[in-house]
Amino acid sequence: MLPIIRLPKSLQLKLHAATGAALMAHKGQDIDFARPLGEPALLAPSSVSWRIFKNPIALYIGGISAVILELADPAVRSGVWNHSTFRTDPMGRLRRTGLAAMVTIYGARSVAEPMIAAVVRRHAKVTGETPAGVPFCANDSALLEWVHATASFSFAQAYNRYVAPLSGAEMSAWYLEGVPVSRLYGAVAAPSTENEMRELFDSARGRLERSDIIFEFLQIMRDAPVLPIQLRWMQRTMVRAAVELIPAWTRECLGIDASYGLRRWEGSAVKLAGAFADRVVLTESPASQSCLRLGLPPTFLYG
């Protein structure tokens with residue numbers, strides 16, 4: 001077991017501000033993860049989900065990978081790109097998505113359930129047609145299942161590859177933990193096992209397609225001021241790390257060649273960053289604050 005890393009308070013606050021700006025904070029939507037005292041979340045602190053979502057490196061890389069896979073589906077792509085602010089306000093969109101993920105995993109039930117219900121209501125208003133003229137609704141269960149599946153796959157693979165290996169039992173627990181949460185969002189038949197995940201990906205082979213929007217998204221994620229300027233090189237490296245998580249046949253289908261992936265030395269750098277982030281206790285983070293809400297020490301997930 002690697003030791004917990006305790007940073008000086010001033011440095012902790014700077015790191016929390018940096019990760020919060022990229023993944024959690026959103027003006028006007030501050031959430032107190034330390035309240036209400038004693039109220040459980042949708043998932044238990046002992047869950048694999050709580051452990052994975054505490055790691056900002058896994059979240060960032062997994063989030064980009066998930067969006068690439070979402071944009072590969074023409075209906076999801078039309079909904080995301082034409083009915084959100086990704087192009088005009090990528091940082092705002094990232095923060096809202098990051099905040100929703102944090103509340104879903106760590107927030108008290110009385111906070112998480114109304115937030116999810118509000119998301120479902122917003123999705124019900126998102127309708128349209130793909131470029132091929134196929135109608136879609138964002139609340140369609142098949143689309144929601146693809147979105148949930150791509151997120152589950154990507155976050156687990158990001159943690160497994162760049163932070164710490166997940167055992168077969170941990171991977172099975174991860175997928176099972178996602179089932180009740182996915183149903184709240186409307187994905188009633190989301191994969192609950194690795195085999196079901198593979199079957200869903202195989203069934204999508206004839207549906208996924210190349211789009212310039214995917215490459216526009218990758219450019220945005222390379223250039224958007226997500227991380228402080230001193231760490232911008234790492235941001236571009238993490239985008240390439242996300243590309244590496246996409247199954248080879250999918251990258252080929254999407255026209256994403258090797259130039260978008262990691263360079264030879266970069267994989268080790270990402271792994272070092274992921275392992276380091278997994279030992280640094282950010283006491284102001286949603287993970288630590290939620291532990292405090294439940295009477296656990298802020299270091300609970302790092303032991």
Residue count, segment 158-189 (criterion: part of a helix (DSSP H, G or I), out of contact with any Ser or Thr (no Cβ under 7 Å at 6 or more places or on another chain) and within 16 Å of residue 273 (Cα to Cα))
4
With 40, 114, 36, 90 as the choices, which residue is under 15 Å from residue 217 (Cα atoms) and more than 13 Å from the chain's Cα centre (by Cα)?
90
Close pairs (9 angstrom Cβ cut-off, 6 or more residues apart or separate chains): within 12 Å of residue 102 (Cβ to Cβ) in segment 286-301, of a type in the set (Gly, Ala, Ser) and crowded, with 22+ Cβ neighbours inside 10 Å anywhere
286/107; 290/41; 290/107; 290/108
Going through segment 215-231 one residue at a time, which ones are part of a helix (DSSP H, G or I) and either among the hydrophobic types (A, V, I, L, M, F, W, C) or at pLDDT 95 or above (or both)?
215, 217, 218, 220, 221, 229, 231
Output the number of residues of segment 104-130 satisfying the condition of being touching a strand residue (DSSP E or B) at 6+ places or on another chain (Cβ under 8 Å), at pLDDT 95 or above, part of a helix (DSSP H, G or I) and among the hydrophobic types (A, V, I, L, M, F, W, C).
2
Among the residues of segment 135-153, what is the count of those that are assigned to a helix (DSSP H, G or I), touching a residue at least 12 places away in the same chain (Cβ under 8 Å) and either buried (at least 24 other Cβ atoms within 10 Å of the Cβ) or not acidic (Asp, Glu) (or both)?
11
Considering only segment 86-93, I want to know if a residue exists there that is touching a Gly at 6+ places or on another chain (Cβ under 7 Å), over 25 Å from residue 41 (Cβ atoms), free of Cβ contacts under 8 Å to residues at least 24 places away in the same chain and in a loop (DSSP other than H, G, I, E, B).
no
Filtered residues of segment 154-183 (kept if surrounded by fewer than 17 Cβ atoms within 10 Å (Cβ to Cβ), in contact with an Asp or Glu (Cβ under 8 Å, 6 or more places away or on another chain) and not hydroxyl-bearing (Ser, Thr, Tyr))
none
Suppose we keep only residues that are polar (S, T, N, Q) and within 19 Å of the chain's Cα centre (by Cα) within segment 191-230. Which one would you say is nearest to residue 259 (Cα to Cα)?
219
Any residue at all in segment 239-261 that is surrounded by fewer than 19 Cβ atoms within 10 Å (Cβ to Cβ) and under 19 Å from residue 163 (Cβ atoms)?
yes
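Here's the yes/no breakdown for (1) assigned to a loop (DSSP other than H, G, I, E, B); (2) in contact (Cβ under 8 Å) with a residue 12 or more places away in the chain; (3) in contact with a helix residue (DSSP H, G or I) (Cβ under 8 Å, 6 or more places away or on another chain):
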{"position": "196", "(1), (2), (3)": "no, yes, yes"}
{"position": "200", "(1), (2), (3)": "no, yes, yes"}
{"position": "213", "(1), (2), (3)": "no, yes, yes"}
{"position": "234", "(1), (2), (3)": "no, yes, yes"}
{"position": "238", "(1), (2), (3)": "no, yes, yes"}
{"position": "244", "(1), (2), (3)": "no, yes, yes"}
{"position": "252", "(1), (2), (3)": "no, no, no"}
{"position": "264", "(1), (2), (3)": "yes, no, no"}
{"position": "272", "(1), (2), (3)": "no, no, no"}
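The values are calculated or read from the model by the stated rules, or taken from the named source; none is laboratory data. It should be emphasised that the depicted structure is a prediction, and the values quoted were computed from it without experimental measurement. As a convention, Cβ positions derive from the backbone with ideal geometry for all residues, glycine included, and neighbour counts pool all protein chains shown.
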